[in-house]
Structure formats: C-alpha cells, structure tokens
1. Any residue in the range B:61-76 that is at the interface with chain A (Cβ under 7 Å from one of its Cβ atoms) and over 14 Å from residue A:113 (Cβ atoms) sitting within a Cβ distance under 6 Å of a residue that is surrounded by fewer than 21 Cβ atoms within 10 Å (Cβ to Cβ) and at pLDDT below 95? List the pairs, counting only those 6 or more apart or interchain.
2. Being modelled with pLDDT of 95 or more, farther than 16 Å from residue A:60 by Cα and either facing chain A (nearest Cβ under 10 Å) or touching a strand residue (DSSP E or B) at 6+ places or on another chain (Cβ under 6 Å) (or both), is that true of even one residue in the range B:123-136?
3. Do we have residue A:109 as more than 7 Å from chain B (Cβ to nearest Cβ) and touching a strand residue (DSSP E or B) at 6+ places or on another chain (Cβ under 7 Å) here?
4. Being in contact (Cβ under 8 Å) with a residue 24 or more places away in the chain and either part of a loop (DSSP other than H, G, I, E, B) or touching a helix residue (DSSP H, G or I) at 6+ places or on another chain (Cβ under 8 Å) (or both) is the filter here, so list the residues in the range B:95-107 that pass it.
5. Report yes if residue B:54 is touching a residue at least 40 places away in the same chain (Cβ under 8 Å), on the phi > 0 side of the Ramachandran plot and surrounded by fewer than 23 Cβ atoms within 10 Å (Cβ to Cβ), otherwise no.
6. Counting residues that are buried (at least 21 other Cβ atoms within 10 Å of the Cβ) and in contact (Cβ under 8 Å) with a residue 40 or more places away in the chain, which helices (runs of 4 or more DSSP H) fully inside the range A:34-142 reach at least 3?
7. Out of the residues in the range B:78-103 that are facing chain A (nearest Cβ under 9 Å) and modelled with pLDDT of 95 or more, which is nearest to residue B:30 (Cα to Cα)?
8. Inside the range B:12-28, can you point out the residues that are within 19 Å of residue B:107 (Cβ to Cβ), out of contact with any helix residue (DSSP H, G or I) (no Cβ under 7 Å at 6 or more places or on another chain) and either assigned to a helix (DSSP H, G or I) or at pLDDT 90 or above (or both)?
C-alpha cells in the first residue's frame, strides 16, 4: 500500500520534468499578417491592417503575444524569432507589426493553440492590408 | 486509496471565479489552477531557470497536463508577464476569462493568488512596473518611449508618408 502511494505521488509530480524534454515540432512555412493576438482574436478593436497598426504596436510593446494570422484566419503564436528566444516585446517582431510575411519555422500545436518558432523571415512585403480608409484609426480615432 | 480520495477532494472544491465578463465571443469565466511555465520551455524543452526573466510568453500547466497561454492582464494593451514571472515554477490560481475561439484559445487573467483562502490580487503589475520606469501617465501606451519612437518612425498607419484622413 505504501509503495503504491509513493508510486502514485511520483507519477503525479513527474510531468514538470517531462515538459523539459527537448521536442521537435513540424517544419512549416506560414504566410500572413503579423497581428497582436488579443485584438485580432477578440474583435474588441478591429485588429487588422493599417487602421490597427498603432494599437498593434502598443499591444506588442505591452507584451501581448504576437501571432501570424493566415488567410484562413488561423493564428500562429510566435515564441521565437531568428535565434532569439524573446517573445515579449521582442524588438524584431514589434518592428514588423502589421507586415505581410512568409516565415519558415517549427510548429507545435497544443490545447487549441498553434505555436511557431520562427527560424527565418523568408519574405516581408511590408504593410499591404490598407484598412484605414474604411475604419480610420482604431481605437480612439487618432 | 487515500491519495486518490485527496485528489478527488481537491478537484471537487473548485474555486469561485470573480472575473468580470467582457462579452467576448467564446469567453468563459474560470479559475485556472496550474504551474507557471514559459511556453518555449513547455513546448520545445528549451528552458531557463527564471522562465526567461520576463522576456518569454508564460502560461499555466494544469493538473490534467493542458497548457494555457496567458495573453492579457487587467491593464489595457498589456500582457501578464509582470504578474506571472514572480511565480515561475510555482502553482497559482488565476481568475479570468478563458476564450476558446475555434481559431485559438487564450486566457485573460484578472486576478492571481497562491493561497486559496485569500482574495485574488488584481493582475495589474505591468502598470506599477511601467510607472516605476517612466513615471505616472494616464495612458501608458501613449507615453511609452519605445511605442512612440516606432510610431513616429513609420506613422500611426505603419507606412511612412501615409496619414489618416482628418476627422470630420
């Protein structure tokens, strides 16, 4: 009985160590717009293109996760970019908010989220999603 | 047997949420109980003893093994790293909104505690720490030097020379 309890306890607390085992994701190429995840997902503030660029910079500087939103509306959360393990207000990604990019990287899917470790920004077309004529500057209008 | 009963007792006494609803599609008020972990460590095994020292996105590993990325704090336009980083590797209760959008699942934390009998502490450390660095500001986002530098460089629409239409 005592041995069973010890084994159960060890099993219950084994997962933190397992989480640190190096893992390999799926090699992918993803194209889409760099967005701040909060606004683009919740729709609280129109979260795309030029209309939302300023807000996207605020959110990225504020540490909200940045993602690539592809043409099908799927989000790829960026956790690493070009040899830098920084994903909170990372200068490399804050600088390209709203840009249309194609990236090569490693994909992990877990519990309803696609996570992307970007090895290389293969193409950067700059900002091509011109939404300000229709929406103005979102939020606040300025 | 006793261990199993103890686990059952823990799961039966789910803490009560006090999270404010925002009427976001797919939102659900929940208290998540889990260990604070950085996402890169959890997924890739690329770990840092301090969870990245505030430079990596953080989440909670729940008892069932699920990982919940914490995307936002109670401060406008700000994430929750400042609220979570002090708990790296520790178990907390996080009160907030779980948004299970079919495209992506996010968690918006509004309060944190480590003692189940204590009230939740509002997830607002970003503002405290920002003000310690930059001084008081009614809207941190309009006063942030880095954000202002980037917006001044490319304009509010992100394209040099492109300006919003004057408001009528």
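The values are calculated or read from the model by the stated rules, or taken from the named source; none is laboratory data. Every value quoted in this text rests on a predicted model; they were computed, and no experiment measured them. Cβ sites come from the backbone with ideal geometry, for glycine too, and all protein chains shown count toward neighbours.
1. Cβ pairs passing all conditions: none.
2. Keep residues of the range B:123-136 that are modelled with pLDDT of 95 or more, which gives B:123-136.
From what's left, farther than 16 Å from residue A:60 by Cα: B:123-125, B:128-129, B:131-136.
Checking the rest, the ones that are also either facing chain A (nearest Cβ under 10 Å) or touching a strand residue (DSSP E or B) at 6+ places or on another chain (Cβ under 6 Å) (or both) come to B:123.
Yes, the range B:123-136 contains at least one residue that is modelled with pLDDT of 95 or more, farther than 16 Å from residue A:60 by Cα and either facing chain A (nearest Cβ under 10 Å) or touching a strand residue (DSSP E or B) at 6+ places or on another chain (Cβ under 6 Å) (or both).
3. Numbers: more than 7 Å from chain B (Cβ to nearest Cβ): yes; touching a strand residue (DSSP E or B) at 6+ places or on another chain (Cβ under 7 Å): no.
The answer is no for residue A:109.
4. Passing the criteria: B:99, B:101, B:102, B:106.
5. Numbers: touching a residue at least 40 places away in the same chain (Cβ under 8 Å): no; on the phi > 0 side of the Ramachandran plot: yes; surrounded by fewer than 23 Cβ atoms within 10 Å (Cβ to Cβ): yes.
Considered against the rule, which asks whether it is touching a residue at least 40 places away in the same chain (Cβ under 8 Å), on the phi > 0 side of the Ramachandran plot and surrounded by fewer than 23 Cβ atoms within 10 Å (Cβ to Cβ), residue B:54 comes out as no.
6. On the way: elements: A:37-42, A:53-61, A:91-94, A:132-135.
Here the list reads A:53-61.
7. My answer is B:99.
8. Across the range B:12-28, the qualifying residues are B:19, B:20, B:21, B:22, B:23, B:25, B:26, B:27, B:28.
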